[in-house]
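Engineer: I am attaching a structure below and will ask some questions about it afterwards.
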Amino acid sequence: MRDLVVRAVVPEAPGVVTLRFDEDLGALPGQFGMFWLAGVGQRPMSFSFSDGITVKAVGPVSQALSSLGVGDRLSVDGPLGRPFSIEGSSALLVGGGFGVAPLRFLAERCNEEGMDVRTLLGFRCKDDVFFEHELARFGDVYVATEDGSCGERGLVTCLFSAVSGTYDRAYTCGPERMMAAVRDALGGAIPLQVSLERYMKCGRGLCGSCEMDGLLVCKDGPVFDAAQLGPSFGTAKRDKTGRRVPL
Ligand SMILES: Cc1cc2nc3c(=O)[nH]c(=O)nc-3n(C[C@H](O)[C@H](O)[C@H](O)COP(=O)(O)OP(=O)(O)OC[C@H]3O[C@@H](n4cnc5c(N)ncnc54)[C@H](O)[C@@H]3O)c2cc1C
Ligand code: FES
């Protein structure tokens, strides 16, 4: 566990902020940290920058993290977990909701490696859209919203026809049913990596709370090759008590 100081707070969208820290943590795209606030609790957060995270305020810990100001302190265990594999010369990135956060960091690194990067983003509505311009620094970006208030109307998979072509790798992060739809739409034509989210207590492979078809999401993932995943992908998760529940 190490201590960090917030050096910048950047509002991205209503309820979504990026926190940049005083220290570069040497994280790789796809890795996460267990971020801990004294008296509140700890939660896993993906790195959206090598020195930063992007948080959506939904409950006690994420709200407390989102309320931090410049100079405030927090602690982190990490970077943890398996990162994305960056290979080939062209990449298709598909993100939805706050799953867009780790894809920003991935797009930056793919771009540094000289890869051709195209990103598809899906949100519920215009107010939820973030990182569209940030991601456009690294390649072409296409947006879909469910209500049509920004970009194409529909789910992110409706953008596939706009980017038909060949890619060496595809990467996805976002709501799990969206990622399962991305896998089905690609139909195995491109090697696909998915970044999963499960309830995590320890983040280090010790407690078993993130177990999924024999895999530990915190240690074996959170990034997996789509072909590695079993029947729970897109259908089931464990709740805070460890009980298997539908997604
Ligand atoms: C590997 C990994 C990476 C993650 N990366 C990020 C990240 O980059 N940014 C980020 O904001 N969060 C991220 N999360 C989610 C984060 O760890 C917490 O689950 C989330 O912030 C909610 O925690 P909480 O204590 O605020 O609320 P909780 O009390 O845990 O949840 C409050 C309520 O919100 C619901 N909820 C939980 N998450 C979401 C959500 N994303 N959208 C809508 N409702 C939700 C819960 O079901 C519950 O009903 C990641 C999780 C994992 C496992
Ligand atoms: S969170 Fe404890 S084993 Fe994964």
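Engineer: Among the residues of region 158-178, is any surrounded by fewer than 20 Cβ atoms within 10 Å (Cβ to Cβ), away from ligand 2 (no atom under 16 Å from the Cβ) and either part of a strand (DSSP E or B) or not assigned by TED's automatic domain parsing to the domain that holds Arg238 (or both)?
Structural biologist: There is no residue in region 158-178 that is surrounded by fewer than 20 Cβ atoms within 10 Å (Cβ to Cβ), away from ligand 2 (no atom under 16 Å from the Cβ) and either part of a strand (DSSP E or B) or not assigned by TED's automatic domain parsing to the domain that holds Arg238 (or both).
Engineer: Report, by residue number, each residue of region 126-157 that is in a helix (DSSP H, G or I) and of a type in the set (Val, Ile, Thr).
Structural biologist: So the first thing to find is which residues in region 126-157 are in a helix (DSSP H, G or I), and the list is 126-128, 132-136, 156-157.
Correct list: Val156, Thr157.
Engineer: Taking the criterion of being closer than 23 Å to Gln228 by Cβ, of a type outside the set (D, E, K, R) and within 14 Å of ligand 1 (Cβ to nearest atom), would at least one residue in region 106-123 satisfy it?
Structural biologist: yes
Engineer: May I pose another question? Going by what's in this entry, would Phe32 be described as outside the structural domain of Gln228 (by TED's automatic domain parsing), within 23 Å of Lys219 (Cα to Cα) and more than 16 Å from ligand 2 (Cβ to nearest atom)? I'd like the intermediate steps shown before the answer.
Structural biologist: Values: outside the structural domain of Gln228 (by TED's automatic domain parsing): yes; within 23 Å of Lys219 (Cα to Cα): yes; more than 16 Å from ligand 2 (Cβ to nearest atom): no.
When the stated conditions are applied, Phe32 does not pass them.
Engineer: What pairs can you find where one residue is in region 132-158 and among the aromatic types (Phe, Trp, Tyr), the other is surrounded by fewer than 19 Cβ atoms within 10 Å (Cβ to Cβ) and in a strand (DSSP E or B), and their Cβ atoms are less than 8 Å apart, with a gap of 6+ or different chains?
Structural biologist: Matching pairs, first to second residue: Tyr142/Glu152.
Engineer: Among the numbered criteria (1) touching a residue at least 24 places away in the same chain (Cβ under 8 Å); (2) outside any helix (DSSP H, G or I), which single criterion is violated by Cys110?
Structural biologist: Result: Cys110 passes all but (2).
Engineer: Go through region 28-77 and tell me which strands (runs of 3 or more DSSP E), entirely inside it, have 3 or more residues that are of a type in the set (Lys, Arg).
Structural biologist: Values: elements: 32-37, 41-49, 52-56.
Those strands (runs of 3 or more DSSP E) do not exist here; none qualify.
Yes or no, residue by residue, for (1) free of Cβ contacts under 8 Å to residues at least 12 places away in the same chain; (2) under 30 Å from Asp140 (Cα atoms); (3) assigned by TED's automatic domain parsing to the domain that holds Glu132; (4) in contact with a Lys or Arg (Cβ under 6 Å, 6 or more places away or on another chain):
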residue	(1), (2), (3), (4)
Trp36	no, no, no, no
Asp51	no, yes, no, yes
Leu65	no, no, no, no
Leu74	no, no, no, no
Phe105	no, yes, yes, no
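Engineer: State the number of residues belonging to region 174-220 that are in contact (Cβ under 8 Å) with a residue 40 or more places away in the chain, under 26 Å from Val40 (Cβ atoms) and among the basic types (Lys, Arg).
Structural biologist: So the answer is 3.
Engineer: Further question: Of these, Gly81, Gly114, Gly95, which one is within 16 Å of ligand 2 (Cβ to nearest atom) and at pLDDT 95 or above? I'd like the intermediate steps shown before the answer.
Structural biologist: Working: Gly114 fails: within 16 Å of ligand 2 (Cβ to nearest atom); Gly95 fails: within 16 Å of ligand 2 (Cβ to nearest atom).
That would be Gly81, the only listed residue that is within 16 Å of ligand 2 (Cβ to nearest atom) and at pLDDT 95 or above.
Engineer: Among (1) within 15 Å of ligand 1 (Cβ to nearest atom); (2) at negative phi, where does Gly203 come up short?
Structural biologist: Going through the list (1) within 15 Å of ligand 1 (Cβ to nearest atom); (2) at negative phi, Gly203 breaks only (2).
Engineer: Quick test of your reading of the structure: Phe32 fulfils all but one of (1) within 11 Å of ligand 1 (Cβ to nearest atom); (2) of a type outside the set (S, T, N, Q); (3) over 26 Å from Arg124 (Cα atoms). Name the failing condition by number.
Structural biologist: (3)
Engineer: Among the residues of region 212-241, write down those that are outside any loop (DSSP other than H, G, I, E, B) and of a type outside the set (A, V, I, L, M).
Structural biologist: Kept after step one, since they are outside any loop (DSSP other than H, G, I, E, B), are these residues of region 212-241: 212, 215-216, 222-228, 236-238.
Matches in region 212-241: Pro222, Phe224, Asp225, Gln228, Lys237, Arg238.
Engineer: So, Gly203, is that one touching a Leu at 6+ places or on another chain (Cβ under 8 Å) and either in a strand (DSSP E or B) or away from ligand 2 (no atom under 12 Å from the Cβ) (or both) or not? Explain how you work it out, then say what you get.
Structural biologist: On the way: touching a Leu at 6+ places or on another chain (Cβ under 8 Å): yes; either in a strand (DSSP E or B) or away from ligand 2 (no atom under 12 Å from the Cβ) (or both): no.
Criteria not met by Gly203.
Engineer: Within region 221-239, identify whether any single residue is crowded, with 19+ Cβ neighbours inside 10 Å, under 18 Å from Met45 (Cβ atoms), over 19 Å from the mean Cα position of the chain (by Cα) and within 11 Å of ligand 1 (Cβ to nearest atom), and answer yes or no.
Structural biologist: No.
The values are calculated or read from the model by the stated rules, or taken from the named source; none is laboratory data. Values in this document were obtained by computation on a predicted structure and should not be read as measured data. In this analysis, Cβ positions are derived from the backbone assuming ideal geometry, glycine residues included, and neighbour counts consider all displayed protein chains.
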